[in-house]
1. Can you tell me the FRET efficiency between B:W320 and A:L193 if r is taken as the Cβ-Cβ distance and R0 is 51 Å, rounded to the nearest 0.05?
2. From the square roots a ≥ b ≥ c of the eigenvalues of the alpha-carbon gyration tensor of the stretch B:31-172, which class results: rounded (a/c under 1.5), prolate (a/b over b/c), or oblate?
3. Quick one: the Cα spread of the stretch B:269-323 along its three principal axes, in angstroms, biggest first?
4. Picking from A:Y57, A:Q135, A:I85, whose Cα lies most toward the positive end of the charge dipole for the stretch A:18-141 (charges on Cβ: Lys, Arg +1; Asp, Glu -1)?
5. Could you work out the Kirkwood radius for chain A, taking every pair of different alpha carbons, averaging 1/r and inverting it, reported in Å?
6. Taking the Cα centre of the protein assembly as shown as the origin, how large is its charge dipole in debye, to the nearest 20, when only Lys and Arg (+1) and Asp and Glu (-1) carry charge on their Cβ atoms?
7. For labels at B:A105 and B:A214 in the simple 7 Å Cα→Cβ model, what's the distance in nm?
8. With +1 assigned to the C-beta of every Lys and Arg and -1 to the C-beta of every Asp and Glu, and no other charges, what is the dipole magnitude of the stretch B:128-224 about the Cα centre in debye, to the nearest 20?
Amino acid sequence: MIASLIQQVINGLLLGATYGLVGAGFAITYGISRVLNFAHGAFFVVGSYGVFALFNYFGLPLGIAFALGSLFVLPFAFVSYYVVIKPYGPDKGSTALLGTFGAAIVILEGLHRVFGGRLLVLPRMFDSPTITLLQDVHVSFDQAFVAFISIIVLGISLASLHWTGIGRRLRAIVQSPEAAQLIGIDPEPYRLLSFVLGSWLAGVAGAGLAFLAPIGTGNGLNMTFVAFVIVVLAGLGNIGGAVIIAFALAVIQALSSLYVRAEVSLAAPYLFMVLVLVVKPRGIFPTRA
Amino acid sequence: MAISAQNSASTSLDERASLVFSIVVVAVVMIVGVTWLRDDPYALRLLSLSGIFAILSLALRLTYAEVGELNLGQGVLFGVGAYAVAIAGAKFHLGPLTGGVIGMAGAAILALIVSVITLRLTGAFFAVATLGLVPVATAIIVNADDVTGGVLGLGNYGGGVSSPAPIIGIPGQLAWMVAIWILTLGVILIDHWLRACRFGQSLNAIRQDPMLFASLGFNVTTYKVTAAVISGTLAGLAGNIFALHEGLVSASVIGLPLLATIIIIVVAGGSRVPGGVVAASIIVTIVPEYARILGDYRLFAFGIALIVMLKFSPDGVGPWVVQWIARVTAGSRKRPEWTR
């Protein structure tokens, strides 16, 4: 029993790396453009299908497909930015929300038509047996590798947000767009950059999860919702908090599949969010804004 | 940042012309259905479905346009109504009326819970929380298969067009079409009345300036929650009728296609114009059925249409029609600006 508990906690932590990418990407996107991006989960799915297409149609090795698959997100993110994000400012809240909803439908339905409705499964990246951490506690090599790469990408992104000039200017715009403009930062290129970067992080997460779970367009809305929950709980626009919440959420989801029925784990993020919002209406790490 | 309604520019639409528009649309449907299409069950069925979509879209319109909050769980509230009728009939042998009341009450309570938790918060929490209802409800339907019939769905609760239609009590597709559009007319009139009465005026005031409204001593959240509950009840009603009309409910009714359909209906028809929403629900239901070229790309086309509409006509087509009606019937009376 204790072994399966530890197993689920580890599974959750490994999944947390994926959720961390999704959540941080969403927080970056939201923080700057102030638009809740419904297409975020669609970008995640684009990453997954990108890996599948590179492996299946172009015959690239799985490792290279993993590395390049997420790049498919970039054109989608560029086009989405110019079509549904840029024309609507934050003051046009529900119009922009609906615009990204339309973009999500177009992308997910397009993928559904191109790749067909059935779930796609990739072969394992590594043939080696699972790693045994403890007695009855196993981690597959793929799982560990995907989590490792995800954490590296996440770490580089967060570090560059903190320590590079571009990152500092991005964070300045998150804190106060007006003040940032006063000190001479033109927000426009940074909006585009943050949207593409945030979307790409979702694509990386999708490319990684393609090796661990079946690929299907159904993941799109689920991942959008997971991103929503993470960002709402962390406090809108709080990128570091989003990563912490992402890991917590993944562990809770993994544990709920152990103690309750496995399918209930789908509802776990929702119940978690409702509980937290009842107790702490402004999120766990409220921002001052 | 609150999701604020973006169409404050079109608030000065003529309410009387808008009501005329709604009634003309319903009258045209009734006349065409009863005379020209009376021997065409397929066309009548599409008209019936468009009536159900009209009710559901009007419910969505109420929260979207009058409160400025987007309810993405509208399909779930619809599903609560549908499953309540089906389960009450199949498992407890209750009549459609009892099941319908249970369904509407259930949808209203669900809307109450979600909106009480989320509407007192600022930001897009309402849209997020209602979106989250979709995977949760799907998980419940699929897993509680001894009650809901799981993925196969639930039938044999005495629904379908061969059962007597509500209100008029006669079986057959024509009777169902007439009954559904009588109910739709009722919902349209309720919608117009809600906009005109004191409650609707309060919502209007909240949308324009919530701070000012609160400073007058009113509780903004109470008004928003009330609107969400009314909207939920109407969505439950649409679900009731859908379940009785189809004779089979399954988890697919609450999914993304339904949500996308009613959103394009509300945006294209004009979220501030009930008649436009009703007309759009007819067009959106019927055109893809005959335009075979769309085929499987129906949802894809809806997405494109949504983006194009938001870009070029975010207030929808309805306001133009209302302005045209107002111009045609102008001069009969002049009302001061503030009553509109």
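1. 0.85
2. Numbers: a/c = 2.28, a/b = 1.38, b/c = 1.65.
Oblate is the answer for the stretch B:31-172, as a/c is 1.5 or above yet b/c matches or exceeds a/b.
3. 35, 22, 12
4. Of the listed residues, the answer is A:I85.
5. When all Cα pairs of chain A are included, the Kirkwood radius is 19.3 Å.
6. It comes to approximately 1240 debye.
7. 3.4
8. 400
None of the figures in this text is laboratory data; all of them are computed from the coordinates on show. Remember, predicted model here, so these are calculated numbers, not experimental data. A quick note on method: Cβ atoms are made from the backbone with ideal geometry, for glycine too, and the neighbour counts reach across all protein chains shown.
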